[in-house]
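Here's the structure we're looking at; comments come further down.
The values are calculated or read from the model by the stated rules, or taken from the named source; none is laboratory data. Remember, predicted model here, so these are calculated numbers, not experimental data. Note that we place each Cβ from the backbone using ideal geometry, even for glycine, and neighbour counts take in every protein chain shown.
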Amino acid sequence: MIRVLLVDDQELVRSGLRMVLDAQDELEVVDEASDGLAAVDRVKAGGVDVVVMDVRMPRLDGVGATERIAALPEPPKTLLLTTFDLDEYAFAGLKAGAAGFLLKDVPTAELVSAIRAVHSGDAVVAPSTTRRLLDRFLPHLTEQKTETFTELTAREREVLVLLARGLSNAEISEALFLSEGTVKTHVSRVLTKLGVRDRVQAVVLAYQSGLVGRTT
């Protein structure tokens, strides 16, 4: 069972999401919060696997709350939802540690799939969106030295390149003729060696360093 915390300043939105998610066999809404500060406090209390969080809220917005949650020991995954399709929100949220970014008008099936995906360790930003964000913001990012990747094995580099192309674990498994369990192990080792929180930050680092280019 995936335990979900809903965070939105509008009670009606939270009620709607709860009805949708509680209808799923593998999901359980364990609590709700109306702003980012309350969300952080609730996560600290434990028992949350995935936080589904609005971006724009009073007291502390979704990006700020995501950053604080990501800094906690063994934090849950955070999936950001917003009404506004703005690159700035998506980029800030992903840099803060969110595992995904979706619009609130996303179909129910896609939202449920996204929650399951981030819980399993995948990111839920489409490859086209990832490329658009990186193309726009890459010139403003601090350059990283390629020596960052010297500890990676050849196979781990291959996995990282495919991550940067937006492939899921299942797609990487098919591309490299590996079991999905083996891919998950490689991804975990890549994240550990690079010292990053999640696969999204690993992708950003790959672009920053030049290991993966815009035409890759």
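Within the stretch 44-70, the only residue that satisfies the criterion of being without any contact (Cβ under 8 Å) to a residue 12 or more places away in the chain and either under 14 Å from residue 101 (Cβ atoms) or among the aliphatic types (A, V, I, L, M) (or both) is 45. In the stretch 96-114, the residue that is modelled with the highest pLDDT out of those that are farther than 14 Å from residue 168 by Cα and touching a strand residue (DSSP E or B) at 6+ places or on another chain (Cβ under 6 Å) is 98.
Looking only at the stretch 40-95, which residues are modelled with pLDDT under 90, hydroxyl-bearing (Ser, Thr, Tyr) and in a helix (DSSP H, G or I)? If the condition is that a residue be modelled with pLDDT under 90, hydroxyl-bearing (Ser, Thr, Tyr) and in a helix (DSSP H, G or I), then 89 is the only one that fits. Remark: residue 58 matches the filter, which requires a residue to be over 22 Å from residue 163 (Cβ atoms), surrounded by fewer than 21 Cβ atoms within 10 Å (Cβ to Cβ) and out of contact with any strand residue (DSSP E or B) (no Cβ under 8 Å at 6 or more places or on another chain). Got at least one residue in the stretch 21-30 being closer than 17 Å to residue 104 by Cα, in contact with a Leu (Cβ under 7 Å, 6 or more places away or on another chain) and surrounded by fewer than 18 Cβ atoms within 10 Å (Cβ to Cβ)? The answer is no; no qualifying residue exists.
For residue 72, the conditions (1) out of contact with any helix residue (DSSP H, G or I) (no Cβ under 8 Å at 6 or more places or on another chain); (2) loosely packed, with under 13 Cβ neighbours inside 10 Å all hold with the exception of (1).
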